[in-house]
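Enquirer: Here you go, one structure.
The values are calculated or read from the model by the stated rules, or taken from the named source; none is laboratory data. From a predicted model like this one, the values you see are computed outputs, not experimental measurements. A quick note on method: Cβ atoms are made from the backbone with ideal geometry, for glycine too, and the neighbour counts reach across all protein chains shown.
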Amino acid sequence: MLKLLLKRFRGPAWVLAITLLSGCANEVPEDWEKPINYRLASYFLAGAFNWTRSFPAFRVAGEIYGVGTHDLMVFFIPSQEGHVLINTGVEGSFHQIKENIESLGYDIADVKILLTMQAHWDHVAEFARIKQLTGAQVWATKDDASLLEDGGISDPHMGGETGIRFRPVEVDRIIEDGELISIGDIVLRVHEHPGHTPGSASYSTEVIEGGVSHQVAIVNMASRNPGVSLIEKPTYAGIDKDFATTLEKQRKMDVDIWVSAHAGFFKLHEKYQPGDTYEVSTFYDPEGYDEAIETFELLYREQRQSELD
């Protein structure tokens, strides 16, 4: 819209155009409740997999909290200098995220950094709304940034004009493997773990409780969506190598406490029930982490072999 106005107006008139545009933006906010996806498939998936079912906020470890839904994980990390939010879930998840953050005594308006684990509609659909309402910056890996900025159109598997989409959102900063994200007393290490999307990412940090150090990881597992091809007509160039590299890197990670993008991946509902007293040991599961990596590696190798046969 802005580019169109600049083309139509010349000289001092463009100043007036921008002034009018900014005024209208405040008076007539976008209808965020109107869904982008009308496809039956998106609603079926959201309901069938408990992606919109409410779930109260819970504490993972230290000052890391889960504030998402029953299955789609959204992680909230507060600090005095501003908060970090990882993922948002599907369209409409904003209200539960906001309520869960408020139940912890914080305000979503103080979120300063938005991060994603994978730029798919079921994890980033509320980025644009939260960015507009809070002024938070979106930080993403280079290969997922393009998906975020075109609303998933360039997604190699679920994209296209008829794909399952989300509202486009501008990416403010590109993050890279090994980079440290720091705000207030939050320090997160970025791990590029491509495969599920071309720029999937995980994050790790250290939590010290009772004088004991714990290595905590928010891991984007090397899961493969149905229909994704590794070798025969690969979904995107290099996807087979990406999965292999990600699995190798994840095997080498030093992990004590871990969570992931979906509740089932780390057995949330077996380990925790709403109302349970917080214990740092709740999500302490290094053996479970190793088993999960082995499971996804086995699935990867089976898919690869099936394409080679």
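Enquirer: How many residues are at pLDDT 95 or above, hydrophobic (A, V, I, L, M, F, W, C) and surrounded by fewer than 22 Cβ atoms within 10 Å (Cβ to Cβ) if we restrict to the stretch 146-159?
Expert: 1
Enquirer: Let me ask you something else. Which residue is nearest to GLU232 (Cα to Cα), if the candidates are limited to the stretch 273-296 and must be of a type outside the set (Ser, Thr, Tyr) and surrounded by 18 or more Cβ atoms within 10 Å (Cβ to Cβ)?
Expert: Looking only at the stretch 273-296, we keep the residues that are of a type outside the set (Ser, Thr, Tyr), and these are 273-276, 279-280, 283, 285-288, 290-294, 296.
Now drop any that are not surrounded by 18 or more Cβ atoms within 10 Å (Cβ to Cβ), which leaves 280, 283, 285, 292-293, 296.
On the way: VAL280: 45, PHE283: 38, ASP285: 36, ALA292: 26, ILE293: 24, PHE296: 20 Å.
Among those that are of a type outside the set (Ser, Thr, Tyr) and surrounded by 18 or more Cβ atoms within 10 Å (Cβ to Cβ), it is PHE296.
Enquirer: What number of residues within the stretch 236-272 satisfy the criterion of being over 16 Å from ASN50 (Cα atoms), exposed (fewer than 14 other Cβ atoms within 10 Å of the Cβ) and not aliphatic (A, V, I, L, M)?
Expert: 6
Enquirer: Return a yes/no flag: does the stretch 251-267 have any residue that is under 24 Å from LYS142 (Cα atoms), basic (Lys, Arg), out of contact with any helix residue (DSSP H, G or I) (no Cβ under 9 Å at 6 or more places or on another chain) and free of Cβ contacts under 8 Å to residues at least 40 places away in the same chain.
Expert: yes
Enquirer: Checking the conditions here, which among THR162, THR116 is modelled with pLDDT of 95 or more and either among the polar types (S, T, N, Q) or surrounded by fewer than 24 Cβ atoms within 10 Å (Cβ to Cβ) (or both)?
Expert: THR116
Enquirer: Tell me yes or no: at least one residue of the stretch 219-233 is touching a strand residue (DSSP E or B) at 6+ places or on another chain (Cβ under 9 Å) and assigned to a helix (DSSP H, G or I).
Expert: No: zero hits.
Enquirer: Find all pairs meeting these conditions: Cβ atoms under 6 angstrom apart; at least six residues apart or on different chains; first residue within the stretch 26-50 and more than 29 Å from PRO226 (Cα to Cα); second residue modelled with pLDDT of 80 or more and in a helix (DSSP H, G or I).
Expert: Listed pairs, sorted by first residue: TRP32/ARG129.
Enquirer: Against the definition (over 20 Å from PHE243 (Cβ atoms) and of a type in the set (A, V, I, L, M)), how does ALA201 come out, yes or no?
Expert: Answer is no for this residue.
Enquirer: Also, quick follow-up: Filtering the stretch 266-302 down to residues that are part of a loop (DSSP other than H, G, I, E, B) and among the β-branched types (Val, Ile, Thr), which residue is farthest from ARG251 (Cα to Cα)?
Expert: The extreme case among them is THR277.
Enquirer: Taking the conditions exactly as written (more than 24 Å from ALA136 (Cβ to Cβ) and modelled with pLDDT of 95 or more), does HIS83 satisfy them or not?
Expert: For HIS83, the condition - more than 24 Å from ALA136 (Cβ to Cβ) and modelled with pLDDT of 95 or more - is not met.
Enquirer: I'd like to verify a number: residues in the stretch 100-120 that are assigned to a helix (DSSP H, G or I), more than 17 Å from the chain's Cα centre (by Cα) and within 26 Å of LEU180 (Cα to Cα), how many?
Expert: Total satisfying the criteria: 2.
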